[in-house]
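Below is one structure, written out as structure tokens; comments come after it.
The values are calculated or read from the model by the stated rules, or taken from the named source; none is laboratory data. What you see is a predicted model; the values in this text were computed from it and never measured. Note: ideal-geometry Cβ built from the backbone for every residue, glycine included; neighbour counts use all protein chains shown. With ligands, DNA and RNA removed, areas are computed over all heavy atoms of the protein, side chains included. Shrake-Rupley method; radii C 1.70, N 1.55, O 1.52, S 1.80 Å.
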Amino acid sequence: MKPVKQLNFLDSPKTQKKFRTFFYLSLCVLLVVDLVAYFLMERHGHFSWEEVPIFNAVYGFTACVGLIFIAKILRWIVKRKEGYYD
């Protein structure tokens, strides 16, 4: 008989759904906080595009995605052979 595989905490579909719901809800809350801060606080950007609403959120997201792609390219450059560390 095969042993029954026990699901870990994040393997359960119910937990994954709760996690996704919390994640997207927190993203929406952060977006609302950024919009409220835009209208309540006076911003002084060095460039005109820094005063656009949600610029900081879009810029941060784009920077993170760019870092991921740069890391993937760097992986091809510094990749070692499979038995390098043995």
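If you check GLY83 against the conditions, is it without any contact (Cβ under 8 Å) to a residue 24 or more places away in the chain and either acidic (Asp, Glu) or assigned to a helix (DSSP H, G or I) (or both)?
For GLY83, the condition - without any contact (Cβ under 8 Å) to a residue 24 or more places away in the chain and either acidic (Asp, Glu) or assigned to a helix (DSSP H, G or I) (or both) - is not met.
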Practice prompt. Scan the range 54-67 and give yes if some residue there is surrounded by 11 or more Cβ atoms within 10 Å (Cβ to Cβ), more than 17 Å from the chain's Cα centre (by Cα) and of a type in the set (S, T, N, Q), otherwise no.
Written response: no
Item to complete: Report yes if some residue within the range 29-42 is free of Cβ contacts under 8 Å to residues at least 12 places away in the same chain, part of a loop (DSSP other than H, G, I, E, B) and open to solvent by 100 Å² or more (accessible area, probe 1.4 Å); otherwise report no.
Response: yes
